[in-house]
Ligand code: GDP
C-alpha cells in the first residue's frame, strides 16, 4: 500500500503513457510496439533494456498473431518481472542481514546529493527496529556537512556514530568505526564514503584504501558495497553506476527519490544493464520511506 503511494507519480505517468500507446488498438502491431518502445525509453528503462523487452514481446506476439492489447499488460508484466528475475532482484521482503558476519559491514558509495546519507539513516532505523545493534561511520570526511548530516541521522535513530574532523583520512575513520563496532558487539556497521566522482583512478584508489584498512580489523569486510543512485536522474544514474562499478565491486543498489519521478523505469534498466540487484528503493524523505525492493510489487504497482 505504501509502495503504491510512494510510486504514485511513476505509476500514473508510466501507466498513462502505456495506455495511450495502445489506445484504440485491437491487437499488438508494429505501431503498438513502436509506441511502447517510446514509452519505455522515455520512462528511463534505457535503450538496451527496452529493446530486450520489445524483442521478448515480439516473440510472444509472433507465436500468437491475435494477441490483443488487453493481454499486452499481462505480457509486459511477465516479461519485466522475468527480466528482473534474471538479475536475482527483489526476492526479499524484509530488512535482513546475514547472521554469519558479526558485525555485517556495509560500505555505502554514491555521489553527493543522491540521498546517500538519508538512505544510511533509514537503514539504521530499520535495522535497529529489527533488533540489531547498529554503528555508523562518517568516512565522508571531505565535506563538513556530510559529517553533520550523518550525526543528525545518528541522533534521530539513536544509533552510535564514529567520526573525526573534516579532512581527516576516510580510511582511518573506517578503521575506528570497525574497531568500535567489534568492541560494542555490533550486528551492523554502515560506513558513509566521500561522493566525489573526480576521476576513475582517484575514486578507485580511495575506495580501495578504505577497504584495505577495514580489512585490518575484519578480514572479509566490507560484506556489502551498496551504491546509492537517484532514480529521478535517469541517464545520470546509469552513468554513475558505470563509473562506480568500474571503480569497485558494487554488490547491491539503492535507488532513491522514486516518489518524485515519473521515471521509475530506471530501476528496471539499471538492474538489467549492470546485473546487480536493486535491494532498496527510497520513496520519500522520512525515516520510514525506504523499502526493500520487491519486483512483483514494483511491477504490479505499474499495471494495477
Ligand atoms: P547525499 O548528499 O547523497 O548524502 O544526499 P542526502 O541524503 O543529504 O539527500 C539529499 C536530498 O534528497 C535531501 O533533501 C533528502 O531529504 C532527499 N532525499 C533522499 N532520499 C529521498 C527519497 O527517497 N525521496 C525524496 N523525495 N527525497 C529524498
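A few comments on the model shown:
- Looking across region 120-158, the residues that are within 16 Å of the ligand (Cβ to nearest atom), surrounded by 24 or more Cβ atoms within 10 Å (Cβ to Cβ) and outside any helix (DSSP H, G or I) come down to 136, 137, 138, 139, 140.
- From 71, 37, residue being modelled with pLDDT of 80 or more and surrounded by 12 or more Cβ atoms within 10 Å (Cβ to Cβ): 37
- With respect to (1) at pLDDT 90 or above; (2) more than 12 Å from the ligand (Cβ to nearest atom), the lone exception for residue 275 is condition (1).
- Test: residue 202 is at pLDDT 95 or above, more than 14 Å from the chain's Cα centre (by Cα) and away from the ligand (no atom under 16 Å from the Cβ): no
Residues are listed down the side, and each one gets a yes or a no for (1) buried (at least 22 other Cβ atoms within 10 Å of the Cβ); (2) within 16 Å of the ligand (Cβ to nearest atom); (3) more than 23 Å from residue 190 (Cα to Cα):
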{"position": "213", "(1), (2), (3)": "no, no, no"}
{"position": "269", "(1), (2), (3)": "yes, no, yes"}
{"position": "281", "(1), (2), (3)": "yes, yes, no"}
{"position": "286", "(1), (2), (3)": "no, yes, no"}
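- The condition of being touching a residue at least 12 places away in the same chain (Cβ under 8 Å) and over 30 Å from residue 239 (Cβ atoms) holds for only one of 157, 193, 177, that being 157.
- Filtered residues of region 288-299 (kept if more than 11 Å from the chain's Cα centre (by Cα) and either in a loop (DSSP other than H, G, I, E, B) or crowded, with 20+ Cβ neighbours inside 10 Å (or both)): 288, 289, 294, 295, 298, 299
- Counted residues, region 163-178 - those being away from the ligand (no atom under 16 Å from the Cβ) and surrounded by 23 or more Cβ atoms within 10 Å (Cβ to Cβ): 3
- Whichever residue in region 243-267 is under 20 Å from residue 211 (Cβ atoms) and not in a loop (DSSP other than H, G, I, E, B) and, among such residues, is nearest to the ligand (Cβ to nearest atom): 254
- Count of region 97-116 residues which are in contact (Cβ under 8 Å) with a residue 60 or more places away in the chain and away from the ligand (no atom under 16 Å from the Cβ): 7
- Answer from 92, 99, 58, 86 - the residue that is farther than 22 Å from residue 220 by Cβ and modelled with pLDDT under 85: 86
The values are calculated or read from the model by the stated rules, or taken from the named source; none is laboratory data. Here the structure is a predicted model, which means the values were calculated and not measured. Glycine also receives a Cβ, built like all others from the backbone with ideal geometry; neighbour counts cover every protein chain displayed.
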